[in-house]
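The values are calculated or read from the model by the stated rules, or taken from the named source; none is laboratory data. All values derive from a computational prediction rather than experimental measurement. Note that we place each Cβ from the backbone using ideal geometry, even for glycine, and neighbour counts take in every protein chain shown.
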Amino acid sequence: MTDLKNEIRNINSLSELNELTSFINGCKTMLGKTSIKVGDKVWVVQKTKRTAGVVVKMNIKKAVVDMKRASHGFTQSFNVPFSMIELA
């Protein structure tokens, strides 16, 4: 993993980094699709927080996840990209 990180640091072009970012996001989506199924308990990962939820439906690009809203105390469904989902 450290070799890979060092190779990324050696990239000198912003367009190449953007291409790498796009590739990595695609890989995250494919991994999410293959490893997550309806009924799984998951974490929805955002920049500053992680929220627990349950997958209720799998769509082509996103999953429908039921998450409890702490401020309101009720469950709400959200369409979440696979790249933002981790198994709990």
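Table for the structure above
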read-out: Selection count where residues are hydroxyl-bearing (Ser, Thr, Tyr) and over 27 Å from LYS62 (Cβ atoms), scope the stretch 1-25; value: 3
read-out: Elements of type strands (runs of 3 or more DSSP E) in the chain, at least 1 residues being in contact with a Leu (Cβ under 8 Å, 6 or more places away or on another chain); value: 41-45
read-out: Subset of the stretch 56-86 that is among the aliphatic types (A, V, I, L, M) and touching a Gly at 6+ places or on another chain (Cβ under 9 Å) - its residue that is nearest to VAL42 (Cα to Cα); value: ILE85
read-out: Residue check for VAL65: in contact (Cβ under 8 Å) with a residue 24 or more places away in the chain, surrounded by 17 or more Cβ atoms within 10 Å (Cβ to Cβ) and more than 14 Å from LYS28 (Cα to Cα); value: no
read-out: Within the stretch 34-55, tally of residues that are of a type in the set (Ser, Thr, Tyr) and either surrounded by 12 or more Cβ atoms within 10 Å (Cβ to Cβ) or modelled with pLDDT of 95 or more (or both); value: 2
read-out: Output for the stretch 56-88, where each listed residue is modelled with pLDDT under 90, closer than 13 Å to ILE36 by Cα and charged (D, E, K, R); value: LYS61
read-out: Failed condition for LEU31, given (1) surrounded by 11 or more Cβ atoms within 10 Å (Cβ to Cβ); (2) among the hydrophobic types (A, V, I, L, M, F, W, C); (3) modelled with pLDDT of 90 or more; value: (3)
read-out: Members of the stretch 20-42 that are in contact (Cβ under 8 Å) with a residue 40 or more places away in the chain and β-branched (Val, Ile, Thr); value: THR29, ILE36, VAL42
